[in-house]
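J.: Structure provided below as structure tokens; questions to follow.
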Amino acid sequence: MFKRIALATAAAVLAATAVAAADDHHDKKVVNKTVVHRTVVRPTVVRRPTVVRGWSDRSDFRQGGRVARGDWDRGRVVDYRVRRLRPPPRGYEWREVGGRYVLAAVATGVIASIIMGSQ
């Protein structure tokens, strides 16, 4: 009877050791993981000035752009002869707006020419 208990105990110890060794081997296993980075490209949204009755809600200082009505009203009329600018065509006017000399249509604010001035 003593032999059976001793053999059962020895078998249990060996089984526990085998399970522990198997678990220990599993912990040391190295797993290779690859991280994939994906770039999401979203279309660029360009906000264009809103045009109401020929005038823009904000200035777009470039040739073909528009001067906002508020900027036009704040700008002062420039004597083109004193500043040595070319004479404006009919319906256009030179204004100094934000340190720039702007030749724009009086009725709509469409810019025909722009010259950077010193502030």
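J.: Determine the pairs where a residue that is under 14 Å from residue 65 (Cα atoms), located within the stretch 91-112, has a partner that is open to solvent by less than 50 Å² (accessible area, probe 1.4 Å) and polar (S, T, N, Q) with Cβ atoms under 6 Å apart, the partner being 6 or more residues away or on another chain.
T.: Between residues of the stretch 91-112 that are under 14 Å from residue 65 (Cα atoms) and residues that are open to solvent by less than 50 Å² (accessible area, probe 1.4 Å) and polar (S, T, N, Q), the close pairs are 103/113.
J.: May I pose another question? Does the stretch 100-109 include one or more residues that are modelled with pLDDT of 85 or more, among the small types (Gly, Ala, Ser), open to solvent by less than 40 Å² (accessible area, probe 1.4 Å) and in a loop (DSSP other than H, G, I, E, B)?
T.: There is at least one residue in the stretch 100-109 that is modelled with pLDDT of 85 or more, among the small types (Gly, Ala, Ser), open to solvent by less than 40 Å² (accessible area, probe 1.4 Å) and in a loop (DSSP other than H, G, I, E, B).
J.: Of the residues in the stretch 54-95, how many are surrounded by 12 or more Cβ atoms within 10 Å (Cβ to Cβ) and assigned to a strand (DSSP E or B)?
T.: So the count comes out to 8.
J.: Which is at pLDDT 80 or above, under 24 Å from the mean Cα position of the chain (by Cα) and among the basic types (Lys, Arg), of 42, 38, 62? Break it down stepwise before answering.
T.: Numbers: 42 fails: at pLDDT 80 or above; 38 fails: at pLDDT 80 or above.
Of 42, 38, 62, the one residue that is at pLDDT 80 or above, under 24 Å from the mean Cα position of the chain (by Cα) and among the basic types (Lys, Arg) is 62.
The values are calculated or read from the model by the stated rules, or taken from the named source; none is laboratory data. A quick note: this is a predicted structure, and the numbers were derived from the prediction, not measured. Neighbour counts are summed over all protein chains in view; Cβ atoms, including those assigned to glycine, are modelled from backbone coordinates with ideal geometry. Keep in mind that these areas ignore ligands, DNA and RNA; they rest on the heavy atoms of the full protein, side chains included. Shrake-Rupley method; radii C 1.70, N 1.55, O 1.52, S 1.80 Å.
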